[in-house]
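Have a look at this one before I ask anything.
The values are calculated or read from the model by the stated rules, or taken from the named source; none is laboratory data. Quick caveat, the model's predicted, so the values are computed rather than measured. Every residue, glycine as well, gets a Cβ built from its backbone with ideal geometry; the counts of neighbours run over all protein chains shown. Surface accessibility is based on the protein's heavy atoms, side chains included, excluding ligands, DNA and RNA. Shrake-Rupley method; radii C 1.70, N 1.55, O 1.52, S 1.80 Å.
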Amino acid sequence: MTRDEALQLVNDWTKNQNLVKHMLCVEAEMRALAKHFGEDEDLWGLTGLLHDADYEMFKEDPKNHPSKIFEELESRNVDKRIIDAIKAHAWGHSHISKEPENNMEWSIYTCDELSGFIVACALVTPNKKLSEVTVEKMKKKWKEKSFAAGVIRANTEVCEEKLGIKLDDFMQICLTAIQAIASQLGL
């Protein structure tokens with residue numbers, strides 16, 4: 001599957017533009033993490049881009065997300081590593097997910113929640129710009145449990161144990177990746 005095909009699928013299945021932007025953020029993070037690990041940036045990027053493509057289909061019953069995207073990707077003979085990583089991103093939240101087993105799977109699991117946190121940090125800056133966000137500012141907000149309360153911080157914090165990347169460094173990798181696509185996000 002090419003990136004254009006993946007983006008078309010995302011746009012066909014997802015009407016909520018904020019959700020599309022979330023998938024673009026996770027794509028950027030995954031590309032940056034692939035680069036960090038010396039892995040295939042396109043493969044990892046596709047995983048990030050596609051991971052929530054079926055989310056809107058299951059608004060009423062989120063425990064079935066991400067089952068439809070598996071079926072679609074399997075019918076298109078997409079690399080099994082992408083499907084496995086998408087299954088892993090929902091570990092603990094969906095009855096069809098699986099525990100992450102490798103760097104790619106742990107990367108999407110750990111960066112998914114962080115992307116929303118980074119955007120939330122940008123939205124509280126004076127100009128609502130990602131360029132105004134720093135890791136130092138993120139760390140202050142990270143400690144405020146009422147800020148971006150829906151973000152499950154523990155999912156990101158396992159980056160140290162599972163990926164061998166200190167939380168500050170992980171935040172920086174992901175922040176820099178999302179800042180690079182700020183114009184696509186309108187931030």
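Please give the helix 167-179 orientation as an angle from the longest Cα principal axis of the chain, in degrees from 0 to 90, rounded to the nearest 10.
Approximately 70 degrees, to the nearest ten.
Shifting gears a bit: Give me Rg/Rg_expected for the range 1-97, where Rg uses Cα atoms only and Rg_expected = 2.2 N^0.38 Å with N residues.
1.00
Report the gain in length on full extension from D12 to E56: 0.36 nm times residue separation, minus Cα-Cα distance, nm rounded to one decimal.
Stretched fully, the D12-E56 segment lengthens by 14.7 nm.
Please give the calculated 222 nm ellipticity per residue for the chain, where each DSSP H segment of at least 4 residues contributes -39500 (n - 2.57) and the sum is spread over every residue; nearest 500 deg cm²/dmol?
-19000 deg cm²/dmol
Translational D (Stokes-Einstein, µm²/s) of the chain at 4 °C and 1.567 mPa s when Rh comes from the Kirkwood sum over C-alpha pairs?
79 µm²/s
With +1 on each Lys and Arg Cβ and -1 on each Asp and Glu Cβ, and nothing else charged, work out how big the dipole of the range 30-187 is about its Cα centre, in Debye to the nearest 20. List each step's numbers first, then the result.
Details: 21 positive and 27 negative charges, 144 e Å.
That gives a dipole near 700 debye.
Using a 1.4 Å probe and ignoring any ligands, DNA or RNA, find the accessible area of S183 and quote it in Å² to the nearest 10.
110 Å²
Roughly how many Å² is the accessible area per residue of the range 45-163, as a whole number, for a 1.4 Å probe?
For the range 45-163, the per-residue accessible area is 48 Å².
Run the numbers for K139 and H36: contour at 0.36 nm per residue of separation, minus the present Cα-Cα distance, in nm.
Net length gain for the segment: 34.9 nm.
Right, something else. Give a residue-ordered list of calculated ³J(HN,Hα) values for the range 31-45 (Karplus: 6.51 cos²θ - 1.76 cosθ + 1.60, θ = phi - 60°; whole Hz; x for Gly, Pro).
4, 5, 5, 4, 4, 4, 8, x, 9, 6, 5, 5, 4, 5, x
So what's the gap between the Cα centers of the range 107-133 and the range 14-74, to the nearest angstrom?
Here the two parts' Cα centres lie 17 Å apart.
Zone of L43 (label point 7 Å along Cα→Cβ, backbone N under 20 Å): which residues in the range 99-113?
99-112
Under a point spin-label approximation (7 Å from Cα along Cα-to-Cβ), what is the R153-R76 distance to one decimal in nm?
Using points 7 Å along Cα→Cβ, the separation is 3.7 nm.
Hey, any idea what % of the chain's accessible area is carbon plus sulfur with a 1.4 Å probe? Before the final figure, lay out each step's value.
Values: 4370 of 9060 Å².
Carbon-and-sulfur percentage of accessible area, whole number: 48.
Roughly how tilted is helix 80-89, in degrees to the nearest 10 and between 0 and 90, from the longest Cα axis of the chain?
For 80-89 against the chain, the angle is about 50 degrees.
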